[in-house]
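**Student:** Please find one structure pasted underneath; my questions will follow.
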Amino acid sequence: MEARGFSTEGMNMRRSSVSARESYVQGSAARNLRQPHSVERSYRQQIQRPVRRIRIGDVIGTMIVAAAFAICAMMMVNYVRMQSDLTAARKSVARMEVNLTDLKSRNDARYSEVMASVNLEEIETIARDELGMGYAQEGQIIHYSTDSTDYMRKVTGTN
């Protein structure tokens, strides 16, 4: 093979060797196989990690974030509770409005019944014939005036 200008040494490098430590990478970004590399770590190095010290700033920052989260959670719960109360109040108001409308219509119906049942001529007849009432004479009417329009006192025993 050296007759064509190829060296067998270069061919051996191009072959991919299947070993645990080396692998062949084709291209210009291939690593230098002659330099030692530590691809595999020992079991102890993989497990052992450096111990990180807890700083006070980290603890305070975590506490601040936890407090902010707790405050937001309480605000959301309070908001949901207020929404629930508002919905219940709106339903209650709607029920009361329906009840009010029903009561008004029943009241109007009763008023119409009462007004329809009142006959002024019948009342006058009963008052004259059965009770002995009549229209007032000229001397029976007493006119008076008051100083105050909001209060009136009943006078009894005057003829």
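**Student:** So V65 passes all but one of these: (1) modelled with pLDDT of 90 or more; (2) outside any helix (DSSP H, G or I); (3) β-branched (V, I, T). Which condition number does it fail?
**Tutor:** (2)
**Student:** Take the stretch 124-152 and flag every residue that is of a type outside the set (D, E, K, R), at pLDDT 90 or above and not in a loop (DSSP other than H, G, I, E, B).
**Tutor:** T125, I126, A127
The values are calculated or read from the model by the stated rules, or taken from the named source; none is laboratory data. For clarity, every value in this text was computed on a predicted model and none was experimentally measured.
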